[in-house]
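Notes follow the structure.
Nothing in this text is a laboratory measurement; each read-out follows from the coordinates by a stated rule. Note that the structure is a prediction, hence the values are computed from the model and not measured. Quick reminder, even Gly has a Cβ in these numbers, built from the backbone with ideal geometry, and neighbours come from all protein chains shown.
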Amino acid sequence: MGERKHSSGGLPDSLYQGTLDCVHCGLCLSACPTYRVTGQEIASPRGRIYLMRGVAEGRIELGSGLAQESRLCLGCRACETACPAGVGYGALLEATRSVVARERIDWGIFQRIERMVLRQWVPRPRRLHWALSLLRAFQGLKLDRLAARWLPRNLSGALELAPRVPPASSRRRLPAQTPARGERRGCVAFLEGCVMPELFGDVNRASVELLSRQGFEVLVPEAQGCCGALQAHAGDLETAHALASKNAAAFDALDVDAIVVNSAGCGAALRECEGWIGAAGERTASRVRDISEFLDEVGLRGPLGRVSLRLAYDDPCHLIHAQGVAEAPRRLLKAIPGIDLVEHAEASACCGAAGTYNLAQPEMARAVLDRKLDHLLAAAPECVATGNPGCLMQIASGLARRGSAIRVLHPVEILLEACRGASETQR
Amino acid sequence: MSVLIDRLSRIVGARHCLASAEELFVYECDGLTLDPVRPVAVVLPADAAEVSGVVRVCSELGHPVVPRGAGTGLSGGAQPIEGSVVVECSRMDRILEIRPEDRVAVVQPGVINAELSTAVAELGLFYAPDPSSEQVCTIGGNVAENSGGPHTLKYGTTTNHVLALELVQSDGERLRLGSRAGRSREFDLVGVVVGSEGTLGIVTEISVRLSPIPEGVETLLAIFDDTVSACRAVGSIIRSGLIPAALEIIDQRTINAVEDSVYRAGLPRDAGAVLIAEVDGAPCSLPGEVERIGECAREAGARECRVARDEAERARFWRARKGAFGAMGRLAPDLYVHDAVVPRARLPEVLEKICEIGDRYQLTLSNVFHAGDGNLHPNISFDRRNAEEVERVIAAGREILETCVAAGGVITGEHGIGVEKRDYMKLVFEDEDLLPMLYVRDAFDPERVFNPTKIFPTTRFCFESNPRARGYDRVPFK
Ligand SMILES: Cc1cc2nc3c(=O)[nH]c(=O)nc-3n(C[C@H](O)[C@H](O)[C@H](O)COP(=O)(O)OP(=O)(O)OC[C@H]3O[C@@H](n4cnc5c(N)ncnc54)[C@H](O)[C@@H]3O)c2cc1C
Ligand code: SF4
Ligand code: SF4
């Protein structure tokens, strides 16, 4: 986007400058899921950055090697949390993918369809709703299985991995305004999202009810929309920036304590929208809070009812690595009487969902997920909590495939149960 | 070339034999980024049998073999050589056996240092050598470099913790050295292989000693106005007869870089230096020891001493110390990490000289080091794209090493010689001293297949025309 290109490599200068922060120390390697699976330097953050820099310096050509690597990378940003030099890897990856997309390197049918869907369908609520209604009908008639047989491999994979679409009754939009219950503590805006209301409408309603029970009026402005994260991850920065501008305008108009988000991926995108659209994103970016972070900041208002559950909390990458929120959800969950929070190994590692990744790179996504499932099963919880739609679907489908009865919930669902429980016992 | 790739692929499987331009490009260097060289192939074997097959093919076709772990080495040990095949050990990452009653673990070389300690923690054990790169570096790499870490002061370096090894030699034979039972009466060949920087063969299995987790541990942060007083404190702590587990100094420039990073620990930015002192052992003895260390520090001029309140704060101090090198990446695109040892008593004076050298060459120099061992790490921030600056960095580096040697020190404490310091070997060794090392190397690897250009000086030895050394110039230095 209008950026000056570095003379030699065809990569934007800001990308080149970003790669110079890396001192090649390697402290990020063990945090990287794709390195752990392959053991290869090129599938590590250090290797990817080295390759970007090499391309920018004209020491190696911009070709399918970089394109493939930029797609194999999960974009989970665990490397950022590990990196003492403060390399802004997420931005480097986005920029690289956008060059790959612009130059149409290794641009196949999957990329074309993905771009079309992310541009034309996902950000348009009505279209998305109808498309998913159609998918639901398909799934009801098991036509999706049939279609999968004659579609190209990663498209058929997409159909198989597609979540069961809930009935229309749970896919209603949220009310524009929900009053606070009990003593009023403030007023927040809520990001409804694009996929959340369609696939996780119940989680959205639980979030609003939880906020309201905690004493907050909740506004859901009509003018908001898709956050642009998926588009940016797919290298379509143009669409992402347009969507960010639209959201910034919608939220800037509101005088609220915070813009609360219950999907980690969307929260990260809104929080970083300053990097996309400059000063226009400042006010929005600074007010965004993940729902767990927000409730932790303002303090959970008791009393809380008992929820007896052996629970594992799994960090969504875009919450812990992109937003730096790790302790808040754990603190909230631990505060609920009856919750036994168990630790599982590598809770902060990616589950392999990573936006559209599990569709584009099914093999790697599977390998990354298997590692996650092994660790989860070893800790043997009754339930896993994680606050991102992609992760909810990925972990749930993985556990189901392994024949496990472990449930997967969004933390707000458990928190709400505790709040409701308390008011019932009080009555 | 394709014959090579073809044969290697058949051994390790095509997906674990890398030969595309991009895949090779990223293996150009390890932690030392100057003078990158591309290999002709990279293989990732799954076990010793595959390593053996790979080595046999390389020997036969005349390709040097460069072993590699995580590539965090700072002396270019894993840097490829013209025409070489890199054998990347990352897939050999299984812990094969844990025997708590013997306090022994048997591991493949690609096991990550810190993950071994994590795996045995529930048995009340840990693996003592703890390089700052512990969260990523491999035990194979540690063995090759005889790596140390902050706790080397009390626990020793890698060599004190390796009981037995399996080594794949140039003809593909697998040699077993040492004994898991501990002491054996033959020549200490395990000791020879530890620290040989991948020049004798590829280590494919390691039996390491595990240590019991100390019952108690206390960590103290002493804050000084300058580095030299911190060094004096170290001297008097050691003189007092205490054996601390670690004594580490971080200077002001490094403190600020770390505090700007994700590894921040709340170190005071205005301090000239901080000393991290740790004692471990029976909990009843610790308060007294902490007290004495505090006294030594205050006598040397510490303006404040803080004891870590809990395990979380202690972990933060160590994360800050261990993230220090990487954090320097905030100052410039490249970092040259030096490594030299001087007698502890000479630390203050040598440090002053080092800082003077940095100023004279107009370089950004910082110090973060294992003070208890006298193991210095003067770090120079620079930009490798600036050829003139690189020259200054190298000239300053040489002077720093000369200064350390003149003070009775040596040119590496733990990072090894590799390619970085091979030409400095002559600062400490005469040709006659190097000869026995060459004999040993050639006894293990007569064809000079493994890391042939590492450790020994590139300039020809005068003894190559010496009849005593006949036969040892068969393979000329490249
Ligand atoms: C941030 C940072 C901090 C560091 N801190 C310390 C520290 O505190 N103490 C310290 O001692 N070092 C330190 N180092 C240096 C480095 O991490 C160590 O030398 C480490 O042991 C290297 O391990 P590696 O797995 O990365 O090996 P590599 O760098 O891949 O290889 C190192 C050497 O080992 C050889 N090698 C690797 N595997 C094998 C094998 N299986 N068989 C035979 N040879 C093999 C290679 O050929 C090479 O010569 C640090 C490095 C960094 C980047
Ligand atoms: S974003 Fe995740 S997958 Fe990509 S390099 Fe970083 S750690 Fe690896
Ligand atoms: S930790 Fe940071 S500086 Fe070190 S190699 Fe990784 S990205 Fe580069």
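Across every direction, the projection of the convex hull enclosing the Cα atoms of chain A has a mean area of 20.0 nm².
Based on the alpha-carbon set only, what is the convex hull volume of region B:2-88 divided per residue, in Å³?
Working: hull volume 7.2 nm³, N = 87.
Roughly 83 Å³ of hull volume per residue.
Summed over all non-identical Cα pairs, the Kirkwood treatment of region B:90-173 gives a radius of 13.2 Å. Farthest towards the positive end of the charge dipole of the protein assembly as shown, among the residues B:75, A:312, B:92, is the Cα of A:312, using unit charges on the Cβ of Lys, Arg, Asp and Glu.
Applying 1/(1 + (r/R0)^6) with R0 = 22 Å to the Cβ-Cβ distance of residue B:259 and residue B:352, what FRET efficiency is obtained, to the nearest 0.05? It comes to 0.30.
Scanning chain A for cysteines with no neighbouring cysteine C-beta under 4.7 angstrom from their C-beta gives A:22, A:25, A:32, A:73, A:83, A:187, A:273, A:351, A:383, A:391, A:419.
Based on DSSP H runs of at least 4 residues, each adding -39500 (n - 2.57), what is the mean residue ellipticity at 222 nm of the protein assembly as shown after dividing by all its residues, to the nearest 500 deg cm²/dmol?
Numbers: 40 runs with 380 residues, N = 905.
Value at 222 nm, helices only: -12000 deg cm²/dmol.
Charges were assigned to the Cβ only: +1 to each Lys and Arg, -1 to each Asp and Glu. The resulting dipole of the protein assembly as shown about its Cα centre is roughly 3160 debye.
For helix B:347-360, report the angle its Cα long axis makes with the longest principal axis of the Cα atoms of chain B; keep it between 0 and 90° and round to the nearest 10°. Once rounded, the angle reads 70 degrees. Inter-part distance, region A:53-87 to region B:382-445, computed on C-alpha centroids, equals 33 Å.
Which whole-number percent gives the relative contact order of chain A, counting Cα pairs below 8 Å spaced six or more residues apart?
Values: 731 pairs, mean separation 60.7, N = 427.
Reported as a whole number, the value is 14 percent.
Each Cα pair under 8 Å and six or more residues apart adds its separation to the average, and for region B:78-188 the resulting relative contact order is 16 percent.
In units of 2.2 N^0.38 Å, what is the alpha-carbon radius of gyration of the protein assembly as shown?
Numbers: Rg = 29.0 Å, N = 905, 2.2 N^0.38 = 29.2 Å.
Cα Rg divided by the expected 2.2 N^0.38 Å: 0.99.
Which of the aspartates and glutamates could a cross-linker bridge to residue B:322, judged by Cα under 12 Å and excluding same-chain residues fewer than eight apart? Residue B:322 reaches B:130, B:134, B:248.
Computed from Cα atoms, the angle from the helix A:237-252 axis to the main principal axis of chain A rounds to 30 degrees.
Given charges of +1 on the Cβ of Lys and Arg and -1 on the Cβ of Asp and Glu, with all other atoms neutral, how large is the dipole of region B:95-212 about its Cα centre, in debye to the nearest 20? Present the calculation step by step, with values, prior to reporting the outcome.
Numbers: 9 positive and 15 negative charges, 73 e Å.
That gives region B:95-212 a dipole magnitude of about 360 debye.
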